[in-house]
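The values are calculated or read from the model by the stated rules, or taken from the named source; none is laboratory data. Since this is a predicted model, take the numbers as computed values, not measurements. No Cβ is skipped: glycine too gets one built from the backbone with ideal geometry, and neighbour counts run over all protein chains shown. Heads up: the accessible areas ignore ligands, DNA and RNA and are worked out on the full protein's heavy atoms, side chains in. Shrake-Rupley method; radii C 1.70, N 1.55, O 1.52, S 1.80 Å.
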Amino acid sequence: MRILVVSDVESKSLWDYYDESKLKGIDLILSCGDVSHRYLSFLVTFANVPLLYVYGNHDTEEPEGCTCIEDQIYLYRGLRILGLGGSMRYRPGPHQYSEPQMRRRIALLWWQLKKNKGFDILLTHAPAYKLGDGDDLCHTGFQCFFDLMDKYQPKYFIHGHMHLNYGGRAKRLQQYKETIVINGYEAYIIDIDV
């Protein structure tokens, strides 16, 4: 299965200089948040495949034709995708959470996690703490994401929020135990055996 991941910045290659061949062979699109709702609606229309998304800390509108997977496990062709959007709370506004609030969101997923026997992909906006996050409060990751990875050992943890041009700990690919950590900044393609 070929998955297109988008996050934080609209890819000029996919939008401004669109060519139908660029979405050919894509089976699923995942958005880690903070891209225009018009951009996501464009992608889902022209790719003609499902587009699943979580909210970023700047998102205010819902894209048409896309599926929000916040606080749920979404099954697609046998792939279990857990969605937890938002960032660390750093000012008043939507889609921001303290560490205890994010832990509470995860605790409320206990039945879905049990019923689905875990998940294969953790899709978030924010990264995990000290694993591709930043030093300021806004870009600090969540420690509770490690609990999810330790217990369920997903194949992938896909996040956004940290632009790759920020420097520091922002990296496209990292490894945490058995989990491949992917920063979905702008656009990235993953090929998964299902």
Geometric extent, Cα atoms of the range 1-90 - Rg, Dmax (angstrom): 12.8, 40
Find the accessible area per residue for the range 68-114; the probe is 1.4 Å, ligands and nucleic acids are left out, and the unit is Å². 52 Å²
Rounded to the nearest Å, the spacing of the alpha-carbon centers of the range 29-66 and the range 125-194 is 19 Å
Once amide H atoms are built 1.01 Å from N in the peptide plane, which residues 5 or more positions from Tyr76, or in another chain, come under 5 Å H to H? Ile81
Kirkwood hydrodynamic radius, computed over distinct alpha-carbon pairs, for the chain: how many Å, to one decimal? 16.5 Å
In the chain the DSSP beta bridges are antiparallel at a rate, in percent to nearest 5, of 40 percent
Assuming 0.36 nm per residue, please report the length gained on full extension of the stretch Glu61 to Lys114 beyond their Cα-Cα distance. 15.9 nm
Using alpha-carbon positions, the gyration tensor of the range 77-160 gives root eigenvalues a ≥ b ≥ c; with a/c under 1.5 called rounded, otherwise prolate if a/b exceeds b/c, else oblate, the class is prolate
Counting only DSSP loop positions in the range 1-83, the GluC sites (Glu not before Pro) whose Cβ has at most 12 other Cβ atoms within 10 Å are Glu61, Glu64
